[in-house]
Amino acid sequence: MNLYAIRRRDFWGTPEALQATAAKSAEVGEEMADDVRWIRSYVVQEESGKLGTVCIYQGTSAEKVREQAERAGMPADEVTLVLDTVLVREDPVTTAA
């Protein structure tokens, strides 16, 4: 499987809406486990005030990653193949404000 970065912009109005979509995404991911694996997501505050995400997925193709997003009811504004990972430090543990 390849590694992909997915940008989802200005989609969620509340953290609860994002959590509901994440639950659906996890369900769809289980159904598509041979083609797509959700690795992690970073939730970002958009300039509009809405929430967006930067997600890391493994997938057999960009098309399968987009299919998973569509089936989960969320956008996949940009799906980009990741060529390499440069890890300087582990992700810090954060708490929601």
How far apart, in nm, are two points set 7 Å out from the Cα along the Cα-to-Cβ line at E46 and at V82?
-> 2.2
Can you list which of the GluC sites (Glu not before Pro) found in segment 3-94 are DSSP loop residues with at most 10 other C-beta atoms within 10 Å?
-> E47, E90
Sites matching trypsin sites (Lys or Arg not before Pro) across segment 1-30 that sit in DSSP coil, with at most 11 neighbouring C-beta atoms within 10 Å = none
Using bins 5 angstrom wide from zero, how does P(r) for the chain break down, in % of all Cα pairs?
-> 3, 13, 23, 25, 18, 14, 4, 0
Any trypsin sites (Lys or Arg not before Pro) in segment 35-97 that lie in a DSSP loop and have at most 10 other Cβ atoms within 10 Å would be R89
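Each reported figure results from applying straightforward, stated rules to the coordinates on display, with no laboratory input. From a predicted model like this one, the values you see are computed outputs, not experimental measurements. So basically every Cβ, Gly included, is an ideal-geometry build from the backbone, and we count neighbours across all protein chains shown.
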